[in-house]
Amino acid sequence: MNSSFANIKTITKRELGAYFSSPIAYVFIVIFLLLCGFFTFFVGGFFERREASLGLPFFEWHPWFYLFLVPAVGMRLWAEERRVGTLELLLTMPITAWQAIVGKFLASWLFLGLALLLTFPVVLTVNYLGHPDNGVIFTAYVGSWLMAGAYLAVSCITSALTRSQVVSFILSVVICLFLILAGFPPVINFLQQMANTHLVDLVTQFSVMTHFQGLQRGVLDSRDVLFFLSMIGFSLFTTSVILRTHRAG
Amino acid sequence: MIKVQNLAKVFGTKRAVDDISFTVERGEVLGFLGPNGAGKSTTMRMITGFLPPSAGKIAVGGYDIVDASIQARRLIGYLPENAPAYTDMTVHGFLTFCAEIRGLSGDARKRAVDKVVETCFLGAVLHQSVETLSKGYRHRTCFAQSIIHDPDVLVLDEPTDGLDPNQKHEVRQLIRRMGQTKAIIFSTHILEEVDAVCSRAIIIDRGRIVANGTPQELRQKSEWAGAVTIRVSGIDAATLSGKLSHLPTVKRTTILKEEATQVTARVFPKTNGNGTLASSVADLAKGWVVEELHTEEGRLDEVFHTITMPDTVREETK
């Protein structure tokens, strides 16, 4: 058990290093922060609202930012290994495929977490201007990070499917878009006209939107947390199956 | 150390590897020969645990590569084809990562990295990114990775590919030196390498083993093995060839070169490599002015060519 943690740590360290030794990390962080700032203060109308909360003006946009940004972070995870041939090196090392998968996923997830943490000036601002409920903000941050993890796990699957990072990116944007739209109010309204409520309920339960909304409001519901965690677990399992299938020929 | 039994790999409808069995013991260097697409790399990928076999068993140091994969993989150092390495890392970073994932830490890791850097002459590029390396250096970086944990078993897929002649020489020496204490399998297209390095060679073609033996034994399969070349003055080609052809052990005679005063001929024996042809030719040549007389050794390239030739070509040349 100890050695598997050591292996995961080694992989995670290498992957994190890879982000920061290339421009990806810096470009990503800068763009993410710019988007967050722009949408919170201009589009989200943070000041016009005159209320000390981040729910609507800030976290509301995260599902949409992640739609494009997370696949950009995740697309290289396996596609690049396959293209360069290092996959053969990695999977003949004395580590299990699971350790490699988890190690890689953790690295990207930690990286996304770091980008998210760097939005702290928004929290400082709202605290300076008023008295927000910091518990709600904390829960929303956790929710946002969990959601990013779910998107990322989907990107892991699409990245393992192909050698091409572009294909991986597009596929995972499309899948993530479905995950959003399944809980997007206009789509739900449309569905309600067509199908019965049970079916609509079922569909919306698969959406990241449905589960993020609670967390965004500060309600730490175990069902929502479980949804994101099980989505991550399932996607990583699928990734392992895909990697095994490639090799089985 | 390496035991391969009835190994097979099927991709779709293609049998890439078809019922291969062999063993490699410690102290042996096994050369893997064969045309492109013969199944060399596929076999090596199965031995290292990258591809699961479709049928058959592989044991490395007593551990089954499928059932006890991690234990088996610990014993193996592997240099994949085209020597892949993480392009976003420095040579030092890459080697440290490989040492770490092999379970080395602290001082032991530092020593292991220092040692392979010295063995593979990587000192000059240690802090350069792998992306910017020349092919030779990148190849040696990946080679360094394969020996960093001093493995008992080395699997090297074309270890000298893309190196300049000096580097090739270095790598061969290294393989031969390490072959004294390890079990090594390496694949190559270069036949002289087999002579220089291997204690045994296997030729595979279309997924099957078509020859297995020491380089010496393989050469014996050549038509050339035991052929005698003779250069004589003061006799014309027709007479020489006529007389030589009359020897009872001679299969056929060819005139290689005909000059004003000298003729060079080669005679092929009926049975390969029994070595008596030279003396009978010498007996016959008493009284001639013999400038040169020697027995040919078999040629590996010719053996390789005859046994791996596609059937269609073989038909045409008949």
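Scan segment B:135-155 and report the pairs whose first residue is at the interface with chain A (Cβ under 10 Å from one of its Cβ atoms) and more than 21 Å from B:Arg73 (Cα to Cα) and whose second residue is among the β-branched types (Val, Ile, Thr) and outside any helix (DSSP H, G or I), with Cβ atoms within less than 6 Å and a gap of 6+ or a chain change.
Here the result reads none, with nothing in segment B:135-155 linked to a residue that is among the β-branched types (Val, Ile, Thr) and outside any helix (DSSP H, G or I).
Check whether at least one residue in segment B:17-28 is within 14 Å of another protein chain (Cβ to nearest Cβ), buried (at least 22 other Cβ atoms within 10 Å of the Cβ), part of a strand (DSSP E or B) and among the aliphatic types (A, V, I, L, M), and report yes or no.
yes
Which numbered condition trips up B:Gly37, out of (1) under 20 Å from B:Ile70 (Cα atoms); (2) not in a strand (DSSP E or B)?
It is condition (1) that B:Gly37 fails.
Just the residues that are more than 8 Å from chain A (Cβ to nearest Cβ) and not in a loop (DSSP other than H, G, I, E, B), please, taken from segment B:83-104. Let's see the steps before the verdict.
Filtering segment B:83-104 for residues more than 8 Å from chain A (Cβ to nearest Cβ) gives B:83, B:90-92, B:94-96, B:99, B:104.
Of everything in segment B:83-104, those that are more than 8 Å from chain A (Cβ to nearest Cβ) and not in a loop (DSSP other than H, G, I, E, B) turn out to be B:Thr90, B:Val91, B:His92, B:Phe94, B:Leu95, B:Thr96, B:Ala99.
Given the criteria among the hydroxyl-bearing types (Ser, Thr, Tyr), touching a Cys at 6+ places or on another chain (Cβ under 9 Å) and either more than 22 Å from B:Thr48 (Cα to Cα) or part of a helix (DSSP H, G or I) (or both), does A:Ser53 qualify?
Spelling it out, it is not the case that A:Ser53 is among the hydroxyl-bearing types (Ser, Thr, Tyr), touching a Cys at 6+ places or on another chain (Cβ under 9 Å) and either more than 22 Å from B:Thr48 (Cα to Cα) or part of a helix (DSSP H, G or I) (or both).
Looking at A:Phe120 and the list (1) surrounded by fewer than 19 Cβ atoms within 10 Å (Cβ to Cβ); (2) within 14 Å of chain B (Cβ to nearest Cβ); (3) not charged (D, E, K, R), which single condition is not satisfied?
Of the numbered conditions (1) surrounded by fewer than 19 Cβ atoms within 10 Å (Cβ to Cβ); (2) within 14 Å of chain B (Cβ to nearest Cβ); (3) not charged (D, E, K, R), the odd one out for A:Phe120 is (2).
Could you please let me know if B:Asp64 is under 29 Å from B:Leu191 (Cα atoms), surrounded by fewer than 22 Cβ atoms within 10 Å (Cβ to Cβ) and more than 10 Å from chain A (Cβ to nearest Cβ)?
Here the answer is no, as B:Asp64 does not meet what is asked.
Looking for whichever is more than 22 Å from the chain's Cα centre (by Cα), closer than 30 Å to B:Arg73 by Cα and of a type in the set (D, E, K, R) here; the options are A:Glu81, A:Glu88. Which one fits?
When all the criteria are applied, what remains is A:Glu88.
From the residues in segment B:207-237 that are over 21 Å from B:Arg299 (Cα atoms) and not small (Gly, Ala, Ser), which one is surrounded by the most Cβ atoms within 10 Å (Cβ to Cβ)?
Among those residues, the one meeting the criterion is B:Val232.
For the condition over 28 Å from A:Tyr19 (Cβ atoms) and either under 25 Å from the mean Cα position of the chain (by Cα) or without any contact (Cβ under 8 Å) to a residue 12 or more places away in the chain (or both), what is the one hit in B:Phe97, B:Phe121?
Residue meeting the stated conditions: B:Phe121.
Within segment A:62-93, how many residues are in contact with a Phe, Trp or Tyr (Cβ under 8 Å, 6 or more places away or on another chain) and more than 14 Å from every other protein chain (Cβ to nearest Cβ)?
Kept after step one, since they are in contact with a Phe, Trp or Tyr (Cβ under 8 Å, 6 or more places away or on another chain), are these residues of segment A:62-93: A:62-63, A:65-67, A:69-75, A:77, A:84, A:86-89, A:91-92.
This time we only want the ones that are more than 14 Å from every other protein chain (Cβ to nearest Cβ), so: A:62-63, A:65-67, A:69-75.
Final tally of qualifying residues: 12.
With the requirement that a residue be in a helix (DSSP H, G or I), free of Cβ contacts under 8 Å to residues at least 12 places away in the same chain and more than 8 Å from every other protein chain (Cβ to nearest Cβ), what does segment A:14-23 give you?
Of everything in segment A:14-23, just one residue is in a helix (DSSP H, G or I), free of Cβ contacts under 8 Å to residues at least 12 places away in the same chain and more than 8 Å from every other protein chain (Cβ to nearest Cβ), namely A:Phe20.
Checking B:Gly106 against (1) buried (at least 16 other Cβ atoms within 10 Å of the Cβ); (2) more than 24 Å from B:Gly31 (Cβ to Cβ); (3) without any contact (Cβ under 8 Å) to a residue 40 or more places away in the chain, which single condition isn't satisfied?
(1)
I need a count of the residues in segment B:208-235 that are in a loop (DSSP other than H, G, I, E, B) and free of Cβ contacts under 8 Å to residues at least 24 places away in the same chain.
Matching residues across segment B:208-235 total 1.
For segment A:56-102, give me each residue that is of a type in the set (Gly, Ala, Ser) and buried (at least 23 other Cβ atoms within 10 Å of the Cβ). Before the answer, list the steps.
Keep residues of segment A:56-102 that are of a type in the set (Gly, Ala, Ser), which gives A:72, A:74, A:79, A:85, A:97, A:100.
Residues satisfying the conditions are A:Gly74, A:Ala79, A:Ala100.
Can you name the number of the only condition in (1) closer than 24 Å to B:Thr308 by Cα; (2) in a loop (DSSP other than H, G, I, E, B) that B:Leu247 fails?
Unmet for B:Leu247, out of (1) closer than 24 Å to B:Thr308 by Cα; (2) in a loop (DSSP other than H, G, I, E, B): (1).
Filter segment B:36-55 down to residues that are under 29 Å from B:Phe304 (Cβ atoms) and surrounded by fewer than 17 Cβ atoms within 10 Å (Cβ to Cβ) and give me whichever is nearest to the other protein chains (Cβ to nearest Cβ).
Ranking the qualifying residues of segment B:36-55, first place goes to B:Ala55.
Could you say whether any residue in segment A:94-104 is within 14 Å of chain B (Cβ to nearest Cβ), without any contact (Cβ under 8 Å) to a residue 40 or more places away in the chain and either closer than 24 Å to A:Leu161 by Cβ or not basic (Lys, Arg) (or both)?
yes
Give me the pairs: first residue in segment A:1-13 and more than 8 Å from chain B (Cβ to nearest Cβ), second residue at pLDDT 90 or above, beta-carbon distance under 7 Å, and six or more apart or on different chains, which are they?
A:Ser4/A:Gln99; A:Ile8/A:Gln99; A:Ile8/A:Val102; A:Ile8/A:Gly103; A:Ile8/A:Leu106; A:Thr12/A:Gly103; A:Thr12/A:Leu106; A:Thr12/A:Ala107
Which residue out of B:Leu191, B:Leu240 is touching a Leu at 6+ places or on another chain (Cβ under 8 Å), modelled with pLDDT under 85 and crowded, with 19+ Cβ neighbours inside 10 Å?
Only one candidate passes the filter, namely B:Leu191.
Scan B:Arg111, B:Arg172 and give me the residue that is among the basic types (Lys, Arg) and buried (at least 20 other Cβ atoms within 10 Å of the Cβ).
B:Arg172
Determine which single condition B:Gln220 fails, assuming it passes every other condition in (1) more than 30 Å from B:Asn36 (Cβ to Cβ); (2) modelled with pLDDT of 75 or more.
It is condition (1) that B:Gln220 fails.
B:Lys9 is checked against (1) in contact (Cβ under 8 Å) with a residue 24 or more places away in the chain; (2) more than 14 Å from chain A (Cβ to nearest Cβ); (3) more than 30 Å from A:Phe5 (Cα to Cα) and fails just one. What number does that condition carry?
Among (1) in contact (Cβ under 8 Å) with a residue 24 or more places away in the chain; (2) more than 14 Å from chain A (Cβ to nearest Cβ); (3) more than 30 Å from A:Phe5 (Cα to Cα), the lone unmet condition for B:Lys9 is (2).
The values are calculated or read from the model by the stated rules, or taken from the named source; none is laboratory data. Keep in mind the model is a prediction, meaning the values are calculated, not measured. As a convention, Cβ positions derive from the backbone with ideal geometry for all residues, glycine included, and neighbour counts pool all protein chains shown.
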